[in-house]
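To start, the structure itself, in structure tokens.
The values are calculated or read from the model by the stated rules, or taken from the named source; none is laboratory data. Quick caveat: nothing in here was measured; it's all calculated off a predicted structure. Cβ atoms come from the backbone with ideal geometry, glycine included; neighbour counts cover every protein chain shown. Heads up: the accessible areas ignore ligands, DNA and RNA and are worked out on the full protein's heavy atoms, side chains in. Shrake-Rupley method; radii C 1.70, N 1.55, O 1.52, S 1.80 Å.
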Amino acid sequence: MARPPNGFLSALSADDYELIRPHLRTVDLPHDAVLAETGETLKRAYFPHRGVISLVVELAGDEHVQVAMIGRDSLLGTLSIMGEASALNTALVLVPGVASVVDLDPLRIAADQSSTLRTLLMRHGLAVYVQVQQTAGCNAAHQVESRLSRCLLHTHDLSGDSRLLLTQETMARMIGARRNSVSLVAHALQQANFIHYSRGHIQIIDIEGLRRTACACYATVKAQYDRLLGIR
């Protein structure tokens, strides 16, 4: 049987894949579904086939800021597999889709049995860490237009779709900005014919235009992912 279309699962050796294959099942990822709350014990790992999972930190005053995204190239739950049972942030579905899931106990057993599986898990965990630290620096130092372009490009890469359902409130959370700033920037990107935006529906029209507008953080994270995950 063909493997599910997820980068982590595709990268496994035949022996490593067979360790977890009997435990895999497929689930839908509904829009805005909460997969884990901060401090909650994560019970399963998610391997998106399509769709995007957002990792969000909660700040004082009921504010929420996205620190990373996980899509079809990776998985949610690396740290929990490696020993940290509690979720360090909230994980919710940003772009709806489908994922393979596996309970953590058999995945931990498989990782204990295979050093190559453990190494791949570590590299995926490092890739997410790279994204978290780059996002923190980007949100602190770069203009809203560059940050929004970066996030739209990254969401497109992870989901494989040029049509996205993202409200202004969601985009504000993604880049740590105010909603009115996002509204102005989204309008400017639409005027430049980079995107078409209407009532939370975004269609990316000009990828190269967004790349010119995005800060260097987009290319930096992509290069680190390619290096850590062996993407060619």
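Residues that are part of a strand (DSSP E or B) and of a type in the set (S, T, N, Q) are absent from segment 214-232 altogether. Across segment 168-204, the number of residues qualifying as without any contact (Cβ under 8 Å) to a residue 60 or more places away in the chain, open to solvent by less than 100 Å² (accessible area, probe 1.4 Å) and touching a strand residue (DSSP E or B) at 6+ places or on another chain (Cβ under 7 Å) comes to 9.
Looking at LEU229, LEU165, just one residue is surrounded by fewer than 16 Cβ atoms within 10 Å (Cβ to Cβ), in contact with a Gly (Cβ under 9 Å, 6 or more places away or on another chain) and under 24 Å from VAL93 (Cα atoms), and that residue is LEU165. Just one of the listed residues (LEU152, LEU210, LEU107, LEU148) is under 28 Å from SER80 (Cβ atoms), open to solvent by less than 40 Å² (accessible area, probe 1.4 Å), in contact (Cβ under 8 Å) with a residue 40 or more places away in the chain and among the aliphatic types (A, V, I, L, M), namely LEU107. Take the conditions (1) outside any helix (DSSP H, G or I); (2) surrounded by 21 or more Cβ atoms within 10 Å (Cβ to Cβ); GLN131 misses just one of them, which is (1). Residues in segment 26-45 that are hydroxyl-bearing (Ser, Thr, Tyr) and either under 17 Å from the mean Cα position of the chain (by Cα) or not in a strand (DSSP E or B) (or both): THR38 alone. When residues in segment 26-35 are screened for being under 20 Å from MET171 (Cβ atoms) and either open to solvent by less than 40 Å² (accessible area, probe 1.4 Å) or of a type in the set (D, E, K, R) (or both), 3 of them pass.
Looking at segment 115-128 only, could you name the residues that are open to solvent by 10 Å² or more (accessible area, probe 1.4 Å) and of a type outside the set (Lys, Arg)? Within segment 115-128, SER115, THR116, THR119, LEU120, MET122, GLY125, LEU126, VAL128 meet the criteria.
Mind listing whichever residues of segment 152-179 are in a helix (DSSP H, G or I) and over 16 Å from HIS64 (Cα atoms)? Full working, then the answer.
Going residue by residue through segment 152-179, those that are in a helix (DSSP H, G or I) are 152-159, 168-175, 179.
Passing the criteria: LEU152, LEU153, HIS154, THR155, HIS156, ASP157, LEU158, SER159.
Tell me the residue from VAL101, VAL93 that is within 19 Å of HIS64 (Cβ to Cβ), assigned to a strand (DSSP E or B) and open to solvent by less than 20 Å² (accessible area, probe 1.4 Å), please. The conditions single out VAL93.
To keep it simple, each residue is scored yes or no on (1) open to solvent by less than 60 Å² (accessible area, probe 1.4 Å); (2) farther than 14 Å from GLY176 by Cβ; (3) part of a strand (DSSP E or B).
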site: GLY51; (1), (2), (3): yes, yes, yes
site: VAL57; (1), (2), (3): yes, no, yes
site: GLY61; (1), (2), (3): no, no, no
site: ALA68; (1), (2), (3): yes, no, yes
site: SER74; (1), (2), (3): yes, yes, no
site: ILE81; (1), (2), (3): yes, yes, no
site: GLU84; (1), (2), (3): no, yes, no
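Consider segment 1-25 and keep the residues that are open to solvent by 80 Å² or more (accessible area, probe 1.4 Å) and not in a helix (DSSP H, G or I). The one that is modelled with the lowest pLDDT is MET1.
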